[in-house]
Amino acid sequence: MRLARSVLAALALVGVLLLGPLGVIASGEVDPTATWRSGSRDSSGQAPLPADEPRAVVQVYAARTVGWRGAFGVHTWIATKRRGADAYTVNHVIGWRVFRGAGAVVTQSGPPDFRWFGAWPEKLVDLRGDEVDAVIDRIEAAVAAYPYPDTYRAWPGPNSNTFTAFVARQVPELRLDLPPNAIGKDWLPGTIVASTPSGTGWQLSLAGLLGVAVGIEEGLEFNVLGLSVGIDPNDFALRLPGFGRVGPGIGTAEAAAPR
């Protein structure tokens with residue numbers, strides 16, 4: 001009887017957490033029928049042109065994934081530009097490359113603030129200055145050291161958010177607070193305890209499926225089957241599955257997009 005109650009309680013908890021992604025679909029923030037072929041990859045205009053910003057730049061973005069998966073999570077990437085460079089370099093992980101026999105990690109020149117197949121990107125980090133070149137050195141070293149260059153699993157990881165979180169842990173200067181719907185960020189390579197991606201706290205995670213994180217930037221967050229919920233006092237925000245961070249002064253990436 002006690003076991004049955006525990007199972008029912010666990011199922012009820014998962015059911016409650018799934019209300020987040022269902023709410024995202026109901027709100028119309030994502031189009032469940034969208035496809036990779038129909039979405040734009042154009043710049044969103046949030047990053048300075050290299051000609052207008054001679055200093056070094058590091059930016060991190062997140063945008064909802066394509067189709068119904070976008071109700072659950074986001075795709076993240078890291079863009080860099082060295083001092084005086086005439087182009088940005090974008091680093092991220094793309095799953096379909098693995099399925100075609102190529103490496104998961106992509107490093108290429110291009111606009112840093114592109115729409116992810118139509119989805120508007122939210123800028124999470126924006127560092128600029130001559131001293132940022134040293135940060136880029138550390139980012140490049142972390143990208144090269146990523147332990148899953150030929151592996152990809154959308155859930156629970158390793159995926160694009162695992163990659164971004166790994167790099168962020170190696171470069172705490174980013175103070176990257178990944179949103180709770182960055183599924184895969186809690187997949188910890190070879191351990192169950194690590195610093196949070198922002199470098200301002202610690203987390204315990206069992207294969208990205210069950211865990212807890214506490215940090216100055218992240219607040220308190222619980223993860224159940226990749227669905228994260230918590231509270232972020234630093235930003236006066238709730239951390240909700242599907243929706244991401246919700247609170248005064250925090251809008252969704254979609255709300256920030258021009259109409």
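Any idea what the dipole of the chain comes to, in debye rounded to 20, about its Cα centre with Lys/Arg Cβ at +1 and Asp/Glu Cβ at -1?
Once rounded to the nearest 20, the dipole reads 820 debye.
Select from Leu18, Pro54, Thr80 the residue farthest towards the positive end of the dipole of the stretch 1-81; place +1 on Cβ of Lys and Arg, -1 on Cβ of Asp and Glu, and compute about the Cα centre.
Projecting each Cα onto the dipole axis, the largest value belongs to Leu18.
Take the eigenvalues of the Cα gyration tensor for the chain, scale each by 5, and report the square roots as semi-axes in whole Å, largest first.
On the way: eigenvalues 172, 85, 66 Å².
Equivalent ellipsoid of the chain: 29, 21, 18 Å, largest first.
Helix-only mean residue ellipticity at 222 nm, the chain, DSSP H runs n ≥ 4 weighted -39,500 (n - 2.57), per residue, nearest 500. What is it? Don't skip to the end; give the middle numbers.
Working: 6 runs with 59 residues, N = 259.
It comes out at -6500 deg cm²/dmol, rounded to the nearest 500.
What does the convex hull of the Cα atoms come to per residue for the stretch 74-213, in Å³? Let's see the in-between values first.
Details: hull volume 14.7 nm³, N = 140.
Normalising the Cα hull of the stretch 74-213 by residue number yields 105 Å³.
Can you tally the net charge around Ala145? Count Lys and Arg as +1, Asp and Glu as -1, for every other residue whose Cβ sits under 15 Å from the Cβ of Ala145. Walk me through the intermediate numbers first.
On the way: positive: Arg138, Arg169; negative: Asp137, Glu140, Asp150.
It works out to a net charge of -1.
Among Thr162, Tyr152, Trp187, pick out the residue whose Cα is farthest towards the positive end of the charge dipole of the stretch 55-203, where Lys and Arg carry +1 and Asp and Glu carry -1 on C-beta, about the Cα centre.
Among Thr162, Tyr152, Trp187, the one farthest towards the positive end of the dipole of the stretch 55-203 is Tyr152.
Rg and Dmax of the stretch 131-259 over Cα atoms: what are they, in angstrom?
So, for the stretch 131-259, Rg and Dmax equal 14.5, 44 Å respectively.
Loop only by DSSP, 10 or fewer other Cβ within 10 Å of the Cβ. Give me the trypsin sites (Lys or Arg not before Pro) in the stretch 1-73 that pass, ordered by residue number. The partial results should precede the final answer.
Working: sites: Arg2, Arg5, Arg37, Arg41, Arg55, Arg64, Arg69; in loops: Arg37, Arg41, Arg55.
Passing both the DSSP loop test and the Cβ count: Arg37.
Please determine, in degrees from 0 to 90 and to the nearest 10, the orientation of helix 2-17 with respect to the longest principal axis defined by the Cα atoms of the chain, where the helix direction is its Cα long axis.
40
With axes computed from alpha carbons, what is the tilt in degrees of helix 160-170 against the longest principal axis of the chain, rounded to the nearest 10 within 0 to 90?
Tilt relative to the chain: about 70 degrees.
Run the numbers on the stretch 109-259 and let me know its relative contact order in percent, using alpha-carbon pairs under 8 Å that are six or more apart.
Values: 276 pairs, mean separation 25.1, N = 151.
In percent, rounded to a whole number, it is 17.
Dipole of the stretch 24-84, Cα-centred, from +1 at each Lys and Arg C-beta and -1 at each Asp and Glu C-beta, to the nearest 20 debye? Intermediate results must be reported in sequence, preceding the final value.
Working: 8 positive and 5 negative charges, 63 e Å.
Roughly 300 debye for the stretch 24-84.
Measuring with a 1.4 Å probe in the full set of protein chains, what accessible area per residue, in whole Å², belongs to the stretch 64-209? Before the final figure, lay out the partial values.
Values: 5770 Å² over 146 residues.
Ligands and nucleic acids excluded, the figure is 40 Å² per residue.
Express the carbon and sulfur contribution to the solvent-accessible surface of the chain as a percent, rounded to the nearest whole number, probe 1.4 angstrom. Don't skip to the answer; put the middle values down first.
Details: 7560 of 12230 Å².
About 62 percent, which is the carbon plus sulfur part of the accessible surface.
Which whole-number percentage describes the relative contact order of the stretch 140-196, with Cα contacts under 8 Å and a sequence gap of 6 or more?
Working: 50 pairs, mean separation 21.1, N = 57.
Normalised by residue count, the contact order of the stretch 140-196 is 37 percent.
How large is the accessible surface of Phe99 in square angstrom, using a 1.4 angstrom probe and rounding to the nearest 10?
150
How big is the stretch 67-139 along each principal axis, measuring the range of its Cα positions in Å and listing the largest first?
Sorted largest first, the three principal extents are 41, 28, 20 Å.
Which percent of the Cα-Cα distances in the stretch 1-107 go past 17 Å? Walk me through the intermediate numbers first.
Details: 3935 of 5671 pairs.
I get 69 percent for the Cα pairs in the stretch 1-107 exceeding 17 Å.
The values are calculated or read from the model by the stated rules, or taken from the named source; none is laboratory data. Note that the structure is predicted; figures quoted are calculated from it, not measured. Using ideal geometry, Cβ is built from the backbone for each residue, glycine included, and neighbour counts are taken over all protein chains shown. Only protein heavy atoms, including side chains, enter the accessible area calculation; ligands, DNA and RNA are left aside. Shrake-Rupley method; radii C 1.70, N 1.55, O 1.52, S 1.80 Å.
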